[in-house]
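In what follows, a structure is listed as structure tokens, so that the remarks can point back to it.
The values are calculated or read from the model by the stated rules, or taken from the named source; none is laboratory data. Every value quoted in this text rests on a predicted model; they were computed, and no experiment measured them. Cβ placement follows ideal geometry from the backbone for every residue including glycine, while neighbour counts extend to all protein chains displayed. Please note that ligands, DNA and RNA were not included when accessible areas were found on the heavy atoms of the full protein model with its side chains. Shrake-Rupley method; radii C 1.70, N 1.55, O 1.52, S 1.80 Å.
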Amino acid sequence: MRLLTGHARLAGVLGWPVSHSRSPRLHGYWLETLGIDGAYLPLPVAPDRFAAAVRALADLGFRGANVTIPHKQAAFEVCDTVDASARRAGAVNTLVFRDGRIEGSNTDGFGFLESVRDQAPGWAATDGPAVLLGAGGAARAIAAALLDAGCPKVTLVNRTAARAEELARDLGGPVGVATEAPLATAALLVNTTSLGMQGQPRLEIDLAPLPGTAVVADIVYVPLETPLLAAARARGLQAVDGLGMLLHQARPGFEAWFGTAPRVDAALRAVVAADIPKAAG
Ligand code: ATR
């Protein structure tokens, strides 16, 4: 067991509830394998205590924290400064306490792009149009990251069309809204909805029109191999699972708090995937 000293660096994840979060396991693995004098804790905080809790963490000398459901918008408000990724997403998932200031960023889009680059080698955002299913917070961060990386067109397909139209207006640039996913011209298809998650309805979509070079990504990671990803692989397409995004979005925070750039590798994946069902039951 690794023992902490009086110099230990501290961080954690704020959520309500937070018991489902895989972040303590993930950061704990990096701390352990890198031999860092530090700890990363689950921090259950109710919404009405959120802002006070963040300021208290800063006062306690924490280096920062991750923020998960339902606090990502509140985190944006509590920050003294936010970077472009947070402004684009309208939400913060990573807090860094530095020089008496609370700095916010959103690493979800970064994590998504890095995960696709990792699991679909050869893919680039500039390859062609992307189709996003959904128009919630995850879609916002992913669409912004794709556009910023040079994706020539992003089409949003959502159950509630008005929400997709609002998101398209907010994002600006080459963003469209459609009722039918324009798969025939897509280089990338991303499910950003909760469909296909354990306990949720299946995502019904026929992948047949996708070009043979298309990449299919899912942000759902319970199960690891969603029916969407299984269908993509059955068609011979490159498939990118949601676990990769979870692992990669954690990198910038870890580096800021603990001073070392961590790596996403097979051993980390195995540790975090250990208690996640592999396929739809
Ligand atoms: P997140 O922040 O994780 O993206 P969210 O903001 O609640 O979560 O967004 C969830 C997305 O999944 C939305 O696009 C939602 O569609 P609506 O905007 O129409 O609500 C989509 N979604 C959730 N359940 C769905 C279902 N049963 N059928 C179709 N879309 C669904």
**OP:** Mind listing just one residue for me: the one in the stretch 189-204 that is part of a loop (DSSP other than H, G, I, E, B) and buried (at least 21 other Cβ atoms within 10 Å of the Cβ) and, of those, farthest from the ligand (Cβ to nearest atom)?
**Re:** Gly196
Original post:
Here are some residues: Thr226, Thr213. Which one is polar (S, T, N, Q), away from the ligand (no atom under 16 Å from the Cβ) and more than 30 Å from Val82 (Cβ to Cβ)?
Top reply: Thr213
Original post:
When you look at Arg169, is it within 16 Å of the ligand (Cβ to nearest atom), open to solvent by 40 Å² or more (accessible area, probe 1.4 Å), touching a residue at least 24 places away in the same chain (Cβ under 8 Å) and on the phi < 0 side of the Ramachandran plot, yes or no?
Top reply: no
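Do we find a residue being touching a residue at least 60 places away in the same chain (Cβ under 8 Å) and either within 30 Å of Arg269 (Cα to Cα) or within 16 Å of the ligand (Cβ to nearest atom) (or both) anywhere in the stretch 178-188?
Within the stretch 178-188, the first condition is being touching a residue at least 60 places away in the same chain (Cβ under 8 Å), and the residues that meet it are 187-188.
Next, from what is left, pick out any that are either within 30 Å of Arg269 (Cα to Cα) or within 16 Å of the ligand (Cβ to nearest atom) (or both): 187-188.
Yes, the stretch 178-188 has at least one match.
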**OP:** Could you give me the residue pairs with C-beta distances under 7 Å whose first residue belongs to the stretch 136-156 and is within 16 Å of the ligand (Cβ to nearest atom), whose second residue is in a loop (DSSP other than H, G, I, E, B) and open to solvent by 20 Å² or more (accessible area, probe 1.4 Å) wherever it lies, and which are 6+ apart or on separate chains?
**Re:** Ala138/Ile219; Arg140/Gly90; Val154/Pro174; Thr155/Pro129; Thr155/Ala178; Thr155/Pro182
Original post:
For the stretch 172-188, what are the residues that are touching a Pro at 6+ places or on another chain (Cβ under 8 Å) and open to solvent by 40 Å² or more (accessible area, probe 1.4 Å)?
Top reply: Pro174, Pro182, Ala184, Thr185
